[in-house]
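Asker: For reference, the structure I am asking about is given below.
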Amino acid sequence: MTGTVLSFLAVTISARELSGQLDVTELLLYRALVGVLVLGGVLALSGKLASLRTRAIGRHVLRNSIHYIGQLLWYQALFLIPIAQLYALEFTTPIWVLLLSVAFLGERLNGAQVLAALVGFAGVLVVARPDFSDLSYGVIAGSLCAIFFAIYALMTRVMTRSDTAQSLVFWQVAMQVPLGLLVAGYDLQIALPQGIGWLWMILMGLGGLGAHFCIARALMVAPASFVYPLDYVRLPLGVIAGFLIYAEQIELAVFVGAALILLGNSINIRYGAKRPRSAG
């Protein structure tokens, strides 16, 4: 999950830098292209293409379509609202994962896990303080992407029982290439990055690839309800990046919220997964 956090931060900064050159659908297309070329090449050179075999193509299609919609909403929000606010809204994902994992994965939550999620989410609200009386499209998109990411996370958790991490990530980027071509090229016009934009595009693709590989690995060894709250630490890092790179203001509320988020993570790490249980 540490690798996931750093990779997602690289994706955020790269996408912001490319926002003047490419639209959201083009960003998603190039991100998928970089991912499939890099991962496919690495697996081919290492002789591990057999690890890509799967008997769940239908599930891959559904999972990756859900993730594509979530990504589309996330990138749209990234261009419209501050990084801290987007991360805060996105971080309702663990709350949805906690709730949906009970209904669909049969996971049972202990009191520490519930407390950790509530404390962490309270920190998110302190940092973002979204104005729900005047919801912009950026806020709506940032909120909806969390639901799609939660469903994607639960499907990933289920599919790790039969597929390798390499398989999950490869089929994700491979299936999103034709989907990206269809969505980005509906008008028969797809822009190319210019100058240093090529480097940002490669970094974004590698960041996305690394993030989802790390998530898949994490979900192989721990329940979704334990893994995803660890992602809260991305918020203070995103706030710092927004301040240093884009001059987004840092207020006292940011530090208070970050402290709550870290406290929630500490509770979850120390007490939440001591006795993971599942129904049945």
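Asker: Would you call residue 141 in contact (Cβ under 8 Å) with a residue 24 or more places away in the chain, within 22 Å of residue 29 (Cβ to Cβ) and either open to solvent by less than 50 Å² (accessible area, probe 1.4 Å) or not in a loop (DSSP other than H, G, I, E, B) (or both)?
Answerer: The answer is yes for residue 141.
Asker: OK, next. What's the total number of residues in the range 232-253 that are surrounded by 14 or more Cβ atoms within 10 Å (Cβ to Cβ) and either within 19 Å of the chain's Cα centre (by Cα) or modelled with pLDDT of 85 or more (or both)?
Answerer: Number satisfying all stated conditions: 12.
Asker: Additional query: I'm checking my understanding of the structure. Among residues of the range 254-268 that are loosely packed, with under 15 Cβ neighbours inside 10 Å and hydrophobic (A, V, I, L, M, F, W, C), which one is modelled with the lowest pLDDT?
Answerer: 255
Asker: Among the listed residues 61, 102, which satisfies the condition of being open to solvent by 10 Å² or more (accessible area, probe 1.4 Å), of a type in the set (Val, Ile, Thr) and at pLDDT 80 or above?
Answerer: 61
Asker: While we're looking at this one, here's another question. Find the residue count for the range 193-211, including only residues that are in contact (Cβ under 8 Å) with a residue 12 or more places away in the chain, in a helix (DSSP H, G or I) and open to solvent by 10 Å² or more (accessible area, probe 1.4 Å).
Answerer: 7
Asker: Taking residue 182 as the residue in question, decide whether it is assigned to a helix (DSSP H, G or I), out of contact with any helix residue (DSSP H, G or I) (no Cβ under 8 Å at 6 or more places or on another chain) and open to solvent by 40 Å² or more (accessible area, probe 1.4 Å).
Answerer: Here the answer is yes, as residue 182 does meet what is asked.
Asker: Could you please let me know if residue 4 is in contact (Cβ under 8 Å) with a residue 40 or more places away in the chain and over 29 Å from residue 162 (Cα atoms)?
Answerer: For residue 4, the condition - in contact (Cβ under 8 Å) with a residue 40 or more places away in the chain and over 29 Å from residue 162 (Cα atoms) - is not met.
Asker: Give the range 9-23 a look and list any residue that's at pLDDT 90 or above, open to solvent by 20 Å² or more (accessible area, probe 1.4 Å) and within 25 Å of residue 239 (Cβ to Cβ), or say none.
Answerer: 9, 10, 13, 16, 17
Asker: Now a separate question. Can you name every residue in the range 106-131 that is within 22 Å of the chain's Cα centre (by Cα) and either farther than 21 Å from residue 270 by Cα or free of Cβ contacts under 8 Å to residues at least 40 places away in the same chain (or both)?
Answerer: 114, 125, 126, 127, 128, 129, 130
The values are calculated or read from the model by the stated rules, or taken from the named source; none is laboratory data. Quick caveat: nothing in here was measured; it's all calculated off a predicted structure. As a convention, Cβ positions derive from the backbone with ideal geometry for all residues, glycine included, and neighbour counts pool all protein chains shown. The accessibility values were calculated without ligands, DNA or RNA, using every heavy atom of the protein model including side chains. Shrake-Rupley method; radii C 1.70, N 1.55, O 1.52, S 1.80 Å.
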